[in-house]
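Comments concern the structure below.
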Amino acid sequence: MNVLLGEGHVVFGRRNNEVRGVAETVVQVGGVEGDLHLHAPAPAAPVPRQLPVAFGYFTGREPGLAWLDHRLAAARAGAPDGSPIAVVAGSPGVGKTALAVRWAHRWRDSFPDGDLYVDLHGYDLRAPAALDQVFERVLRALGVRSEDMPTAVEAQESLYRSLLARRRVLVVLDNAASADQVRPLLPGSATCFAVVTSRSRLSGLLVRTGAARLTLDPLGPAEAMGLLRDLLGPERVDADPANAVEVARQCAYLPLALRIAADRTAGHRHTTLAELVEELAGERDRLDVLSADDESTAVRAVFSWSYQALPAEASRVFRLLGLHRGADIGTAAVAALIASTVPRARRVLEVLTGAHLLTETGRDRYRFHDLLRVYAGELAAAEESEVDRRAAVRRLLEHYLRTADAADRLLSPQRRHVPLDPSPGFDSGLRNHFEARQWCEAERPNLVSAVRQAADEGFDDVAWKLPIALWGYFTLRTPWVDWITTYRIAAAAARRCGDRVGEAWTLGGLGIAYRDLRRYEEAMASYDRALALCREVGDRYGEGWTLGSRGVACWEMRRFEDALTCSREALAVFEEIGHPYGQAQALFCFGESCRGLGRFEEAFGYLERALELRRDVGDGWGVARTTTSLGYAHYDVGRFAEALELYGAALAMWEDIGDRYGEARTLIALGDVLTVLGDPRHAAKAWRRALSICQELGSPHAREVRDRLAG
């Protein structure tokens, strides 16, 4: 068998998907014909080009453009004041983004390694953009594959800085709320340049990094008139300059307000500027004030024009979109929200994007400008009845729940799934394991938001079922923060609605997350409460599963006799109810417990039986886990070549199903056996790869890997 370890890669020889027999152990660098590369070398790094389209009309910002030119020149010359970070601050709608994007387009060709654009959603009713999700999008743009994507924020930040260290990349961080939100995303290399926009002054960022700041004021009266001339045509403005001046004044000289006002008027050649002034004055009287400053009042007034010009169906969709709390929204979710079909939802969304009330961020993905989100939410509260609002939110949450359940049935088909009423005609659109995993990864921020919204708005059944439906994804990709957060919400929601089975189910899942993080006291408390509830309501499946999970925790704590007791009880339950998937898990726990007690022949017997059952029921994850444990058992009794072979087979399985945590644990074992076989250099390579994954995931195994490398 060939064990091939390139720099940062582990490669095991395999032909026709079968592990080769072990005649000898050979360690070499490179590849040979027939070898399976579990981590293929990455292709040439892509050159991201993410800048949004620059505004067609751009007036009165030459001083700002010149200031940014000077900041870039100073940074490249290494001048004392040459920080590679520039901050553009100012009030809502003043044109910060337009200035930053226009300037970035001017200079993008001087950044041969690409440009990155991130909207941080700093000012919004919903939470600012989650840092881990921002890093995921940016790292994907820089060429990081899904299977290599870190999940721990610290690891994401480290990888981000490493990838930019020797590149020349322009980074635009738009709509930041605070210095803390921006700081992790700043490149660490002087070869890059970052432009940050914010309503805040970001003084802390300037103090800590030496960044320079430009405070952007509204346009001057002459500049505002110039923009109106560009937008409406000079003949129209020159025919009534007094009212044109009044339009500019009522729009507070804000470019955003002026653009919307002009867009409202441009299509109506017979609407006079005097009528426009009168309409704007009436709207300002009617609308509530969003904040104390005149700029916000003006922006909301002109928003109302675009809204009132919409067809009835589009205006309703606009209002209902204000009820969605997620980062963005897909077309299928919009269709559920408005109780319509996907094609019809797509047509209405095209109307909203055409009216500049919504932005299309990707194929079938949309988001609001933050002020528009506030406005849409207020309209929903004012114009939709409470019954209709709750019905719309319920439809949206049901969409996320049913699609998550469909994904779970593809990711973990053997386990028990959440009880859902039939929904004739529902189609998740997910067809295989890969699509299910990709959907969960793309929607993860929305799904976490949906759990919170369900709990906040009294939909407790959804609040506990949705995290359960994410079980397959959570155990596969181990985003422990989201896992624990949503399961805590779920347990409380199940308790409120008096669903004892749901409460037990969520507590048992919470215990597994705690166990993975070696928070054993919390894990055992969760298991004990879940077990008591299962026995109280007669949930035999839940009882067996909790016993098995508790047994694994006891084994990890080296309480092997307790682990045997839990496994024995779990096996009896699953044999009674005739559940081979559960029986396999109980047998696996038996085998691990016997191994811990040094009863190796019994361990081999139980693990082989567990492996056979898991193959019979098609449990790919369980087969990989049991194969790894058989490798441990062979290692324990000194059969190192057999252990090496089994680890190789398990690594291939972990990669196929996308389980990075399982991959890391097997790499740790691989390093152990290579050390015994007299190859510490390649053992260290395996451990370094394991350490990288553990750090990415935030796994407590990282510490023991560091100890191995130090030794």
Enumerate the calculated ³J(HN,Hα) couplings along segment 459-468 in order (Karplus 6.51 cos²θ - 1.76 cosθ + 1.60, θ = phi - 60°), each rounded to whole Hz, writing x wherever the residue is Gly or Pro. 8, 5, 5, 5, 4, 9, 6, 5, x, 4
Relative contact order of segment 580-708: what whole-number percent is it, with Cα pairs under 8 angstrom and at least 6 residues apart? 16
Interchain or sequence-distant (5+) residues whose placed amide H lies within less than 5 Å of the amide H of Leu216 are Ala89, Gly90
Given the protein chains as shown and a 1.4 Å probe, how many square angstrom of Asp482 are accessible, to the nearest 10? 30
Relative contact order %, segment 412-498, counting alpha carbon pairs below 8 Å whose residues are six or more apart: 31
Both in Å, the radius of gyration and Dmax of the C-alpha trace of segment 65-201 are 14.6, 43
Going residue by residue through segment 519-532, the Karplus relation 6.51 cos²θ - 1.76 cosθ + 1.60 with θ = phi - 60° gives ³J(HN,Hα) values, rounded to whole Hz and with x marking Gly or Pro, of 8, 5, 4, 5, 4, 5, 5, 5, 4, 4, 5, 4, 5, 4
Between the residues Leu139, Val277, Ala261, the Cα farthest towards the positive end of the dipole of the chain, that dipole coming from +1 and -1 charges on the beta-carbon of Lys, Arg, Asp and Glu, is from Leu139
Please give the length that would be gained between Val481 and Ser158 if that part of the chain were fully extended, namely 0.36 nm times their separation in residues minus their C-alpha to C-alpha distance (nm, one decimal). 114.4 nm
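Only four residue types carry charge here, +1 at the Cβ of Lys and Arg and -1 at the Cβ of Asp and Glu. Report the dipole size of the chain about the Cα centre in Debye, rounded to the nearest 20. Intermediate values should be presented prior to the final figure.
Numbers: 87 positive and 96 negative charges, 201 e Å.
Here the size comes out at about 960 debye.
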Whole-number D in µm² s⁻¹ for the chain, Kirkwood Cα-pair radius fed into Stokes-Einstein, 20 °C, 1.002 mPa s: 75
Most positive-pole-ward Cα, Leu99, Ala407, Asn446, against dipole of the chain from beta carbon charges: Leu99
Within segment 602-641, list the residues whose amide N lies under 11 Å from a label point set 7 Å along Cα→Cβ of Val676. 631-641
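Please list Asp499, Asp460, Asp388 in order of solvent-accessible area, largest first, computed with a 1.4 Å probe with all protein chains present. Kindly include the intermediate steps, with their values, before the conclusion.
On the way: Asp499 50, Asp460 25, Asp388 80 Å².
The residues order as Asp388, Asp499, Asp460, largest area first.
Pairs of Cα atoms under 8 Å, at least six residues apart: use those to get the relative contact order of the chain, whole percent. Before the final figure, lay out each step's value.
On the way: 1143 pairs, mean separation 72.8, N = 711.
So the answer I get is 10 percent.
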Placing +1 on the Cβ of each Lys and Arg and -1 on the Cβ of each Asp and Glu in the chain, which of Ala391, Phe604, Ala570 has its Cα farthest towards the positive end of the resulting dipole? Phe604
Net dipole in debye of segment 320-428 [+1 Lys, Arg Cβ; -1 Asp, Glu Cβ; about Cα centre; nearest 20]: 340
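Hey, what number do you get for the chain at 222 nm if only DSSP H runs of n ≥ 4 count, each worth -39500 (n - 2.57), divided across all residues, to the nearest 500? Before the final figure, lay out each step's value.
Numbers: 32 runs with 444 residues, N = 711.
Value at 222 nm, helices only, nearest 500: -20000 deg cm²/dmol.
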Check: C-alpha center segment 355-416 vs C-alpha center segment 419-459, spacing in Å is 11
Compute, for Ile577, the solvent-accessible surface of its heavy atoms (probe 1.4 Å) with the complete set of protein chains present, and express it in square angstrom to the nearest 10. 70
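The values are calculated or read from the model by the stated rules, or taken from the named source; none is laboratory data. Just so it is clear, the model here is predicted, and its values are computed rather than measured. Please note: Cβ atoms are built from the backbone with ideal geometry, for glycine as well, and neighbour counts cover all protein chains shown. These accessible areas exclude ligands, DNA and RNA; they are computed on the full protein's heavy atoms, side chains included. Shrake-Rupley method; radii C 1.70, N 1.55, O 1.52, S 1.80 Å.
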